[in-house]
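The values are calculated or read from the model by the stated rules, or taken from the named source; none is laboratory data. Remember, it's a predicted structure, so these values are computed and weren't measured experimentally. All Cβ positions, glycine included, derive from the backbone under ideal geometry; neighbour counts span all protein chains shown. Side chains included, ligands, DNA and RNA excluded: accessible areas come from the protein's heavy atoms. Shrake-Rupley method; radii C 1.70, N 1.55, O 1.52, S 1.80 Å.
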Amino acid sequence: MDPGTLLLLTAAAAIHASWNLLAKRALDKQVFLWLVTVVAGPLFLIPVLIAYRPFEALGWAFVLVSGLLQALYTLMLGRAYQHGDLSLVYPLARGTAILVVTLLGALALGEGVTPAGGLGIALVAAGIYTVHLRRLDAASLTAPLRLLRAPGSWSALATGVIIAGYSTVDKVGVSYVPPFVYVYLGLVVCAGLLAPLMLRRPDAIAAEWRNGWWRILAVGAMNLGAYGLVLVAMQRSRVSYVASVREMSVVFAALLGTLLLREPFGRPKIAGALLIFAGIVAIALSKG
C-alpha cells in the first residue's frame, strides 16, 4: 500500500471516530443521529444528482433493505451511546460486526477459515473481553465476564450485528447501484422510516438543534466524507488492505474517549481496541 493511500485511510478512520465523538456528546443520541441523516439529504443532493444513473428495480430492493437496517442501526447506536462510553461502545460494535461477518461466512456460506483468520477471530474476541476490564491484572482477567454488566454493552453488541447485516446487504447492493448514490438513498430511506418516531419528540429535536446544530451538519458531512475517502482508497489498493487499515478507527475512538471525554478504565479499553484492530487486520489479510 502506497503512502498516499495509507494517509487517505488514516484520515477516514480519524474522521469516522471523530463523528462518533460528536454523537456521544449529544443530549439525545437517537435524535441527534436521525437529524444527521436528515441534513445529509440537502447537503449531498447536487453531487448525487450529478452521479445518478438509472438502475434496475432490484437495486431499489437493496436500497430499501439497507435503509431499514440503517434505521435500526441509528436507534441501537444512539441507545448504546446513551448508556455506554465511546471507548467501550465503538470498539465493541466494530469488532462484533467483523466477527459476525466472518463467522457467518464460515458457518453459513462454507467459507474456510485460515490459520490467520482463526487468529483474528481469537484476537477480536479477546479485545471485546478486554475493553470491559477495569484493570489489566490477573484478578480482573479471571473475573466473571463484565460484558453482562457494563452499561451499553448489549446495545453495542446489537449495533455490531446490525452493521454486519447492512454490510452484507450493501456488498451486493452496490453491484446494482453506484456506491455513492446507493449510500445516499439508503440514508434518505433511513430518515423517512424514523421520521414518524422522531417527530413525536419535537422538544428533543429543538433542544438538540440548539445544543449543537453545527455538530449535526458536521457529522452529516463527515459521515459520507469518510466513506468517500474509503472508496478512493479501494480504487488504489486491495480491498482486504483497505478493510483492515480503515479500522484504525477503533483505536482512535478508544483514545478520544479516554483522553478527551475522560472516560474511566482507559488502559484496558485502549488495550482491547488494539487487540480488536490486530484481529481485524488478521481477518482481512487472511481473505487476501
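Shown for the chain: the carbon plus sulfur share of the solvent-accessible area, taken with all protein chains present and a 1.4 angstrom probe, equals 70%.
Based on every Cα atom in region 9-111, Rg and the maximum pairwise Cα distance Dmax equal 16.5, 44 Å. Based on DSSP H segments of at least four residues, each scored -39500 (n - 2.57), the chain has a per-residue ellipticity at 222 nm of -26500 deg cm²/dmol.
Taking 0.36 nm per intervening residue step and subtracting the Cα-Cα distance, what contour gain separates LEU103 from ARG210 on full extension?
Residue separation times 0.36 nm, minus the Cα-Cα distance, leaves 34.2 nm.
Note on region 172-288: the C-alpha convex hull projects to 9.9 nm² when averaged across all orientations.
Each label point was placed 7 Å from the Cα along the Cα-to-Cβ direction; for VAL232 and LEU261 their separation is 2.8 nm. Take the Cα of ALA116, step 7 Å toward its Cβ, do the same at LEU64, and the gap between the two points is 4.1 nm.
Whats the longest run of the chain with zero trypsin sites (Lys or Arg not before Pro) that are DSSP loop and have at most 12 other Cβ atoms within 10 Å? The longest uninterrupted stretch comes out as 1-134. Take every pair of alpha-carbon atoms less than 8 Å apart whose residues are at least six positions apart; their mean separation over the length of the chain yields a relative contact order of 41 percent.
Using the empirical formula 2.2 N^0.38 Å as the baseline, the Cα radius of gyration of the chain reaches a ratio of 0.98.
For the chain, the per residue solvent-accessible surface stands at 46 Å², with DNA, RNA and ligands left out and a 1.4 Å probe. Scanning the chain for long hydrophobic helices, with DSSP H runs required to stretch 18 angstrom or more by C-alpha along their axis and to average at least 0.5 on the Kyte-Doolittle scale, returns 3-24, 29-43, 57-83, 86-107, 115-130, 153-173, 179-198, 266-286. Less than 5 angstrom separates the built amide H of GLY84 from none of the residues sequence-distant by 5 or more or on a different chain.
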